[in-house]
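Heads up, the thing below is written out as structure tokens.
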Amino acid sequence: MKFAIRLADRVISVTCQHEYTLKACKEYIVDAGEPAFAVCATDDEVRLEMQSASEPIDAAYAEFICLYRKIAEELPRYHCIVTHGAAISYKGAAILFTAPSGTGKSTHIKLWKKTFKDQVDIINGDKPILRIEDTASVFGTPWAGKENWHKNRQAPLYAICLLKQAKNNRINKVDPQTCLPALLKQVYLPTDATSMKQTLKLFDALLKRIPVYVLECNISREAVMTAYNAVAEEHLHEN
């Protein structure tokens with residue numbers, strides 16, 4: 001099967017063997033436009049993905065993951081990077097919550113949705129794309145983790161929050177350099193040397209434009225309001 005999708009305003013040609021990818025990408029499929037690049041996954045790559053997975057996965061899902069890795073390798077050439085994080089928009093302005101798996105990103109953004117209802121949209125719950133040019137924007141993708149929270153939309157990025165589990169809620173705006181290793185671990189780093197160099201250049205530009213906060217929080221509405229009072233008060237009320 002061969003079709004085209006639009007991610008971060010770039011048309012990408014996708015060739016796949018399993019319908020899983022076609023169905024997952026249905027909201028992003030386009031009929032026209034010259035592809036920026038094309039991706040496909042070989043049988044050997046799919047088998048390797050199945051063998052290296054932390055839990056059992058079938059060939060269809062393994063192919064889906066392989067294809068996004070191929071996309072992530074190419075995107076830095078187009079001013080885009082793939083991140084591991086949960087991105088929401090509040091009144092049209094995006095906040096990216098990032099942290100290692102199991103920290104509670106999904107729980108936290110679900111609380112934002114519960115607290116602010118229709119004022120909040122979940123752009124992507126696991127692997128959004130960031131486009132960094134004169135400004136930074138967040139884009140939804142169908143690669144969205146177990147919850148599959150995503151929308152085919154974009155929003156300007158206003159803040160990055162690094163989540164840490166804690167009994168008490170507090171948030172501090174920080175110099176990104178103080179938590180650079182933790183932040184960099186949540187960015188896809190290509191194997192191609194040119195793409196890697198461009199990724200690091202884009203990430204450096206991102207941290208110069210977008211404020212970074214460390215949010216120590218528990219699982220409560222108070223955690224949401226702690227983040228809101230710091231980030232929204234400074235950046236989002238005009239939206």
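In terms of its C-alpha gyration tensor, the range 44-146 has an oblate overall shape, because the principal axis ratio a/c (a ≥ b ≥ c, square roots of the eigenvalues) is not below 1.5 and a/b does not outweigh b/c. Reported to the nearest whole Å, the Cα centre-to-centre distance from the range 14-69 to the range 127-154 is 17.
Where both partners of a DSSP beta bridge lie in the chain, what percent of those bridges are antiparallel, to the nearest 5?
Numbers: 35 of 49 bridges.
Restricted to the chain, the bridges split so that about 70 percent are antiparallel.
Accessible-area rank, largest first, for 187, 174: 174, 187, with all protein chains present and a 1.4 angstrom probe.
R0 = 25 Å: FRET efficiency of residue 194 with residue 147, Cβ-based, nearest 0.05?
0.15
The residues of the chain present an accessible area of 49 Å² per residue when probed at 1.4 Å with all protein chains retained. The Cα atoms of the chain give a gyration tensor whose axes a ≥ b ≥ c have a/c of 1.5 or more with a/b greater than b/c, which makes the shape prolate. The 3J(HN,Hα) values that the Karplus relation (6.51, -1.76, 1.60; θ = phi - 60°) gives for the range 107-115 are, in residue order, 4, 5, 6, 5, 5, 4, 5, 5, 6 Hz. Gly and Pro appear as x.
Kindly identify the range 89-177 as rounded, prolate or oblate by the Cα gyration tensor criterion: order the square roots of the eigenvalues as a ≥ b ≥ c, call it rounded if a/c is under 1.5, otherwise compare a/b with b/c, prolate if a/b is larger, else oblate. Each step should come with its number before you reach the end.
Values: a/c = 1.43, a/b = 1.15, b/c = 1.25.
Cα axes put the range 89-177 in the rounded bin.
Kindly list the residues of the range 215-233 that lie in the label zone of residue 119, defined by a backbone N under 20 Å from the point 7 Å along the Cα-to-C-beta vector. The answer is 220-233.
Grab the DSSP H runs of the chain that are 4 residues or longer, score each as -39,500 (n - 2.57), total them, divide by all residues and round the 222 nm result to the nearest 500 deg cm²/dmol. Let's see the in-between values first.
Details: 7 runs with 77 residues, N = 239.
Result for the chain, helices only: -10000 deg cm²/dmol.
The values are calculated or read from the model by the stated rules, or taken from the named source; none is laboratory data. The model shown is predicted, which means the values in this text are computed figures rather than measured ones. Cβ coordinates were reconstructed from backbone atoms using ideal geometry, including for glycine residues, and neighbour counts include every protein chain displayed. The area values use the complete protein model at the heavy-atom level, side chains included, leaving out ligands, DNA and RNA. Shrake-Rupley method; radii C 1.70, N 1.55, O 1.52, S 1.80 Å.
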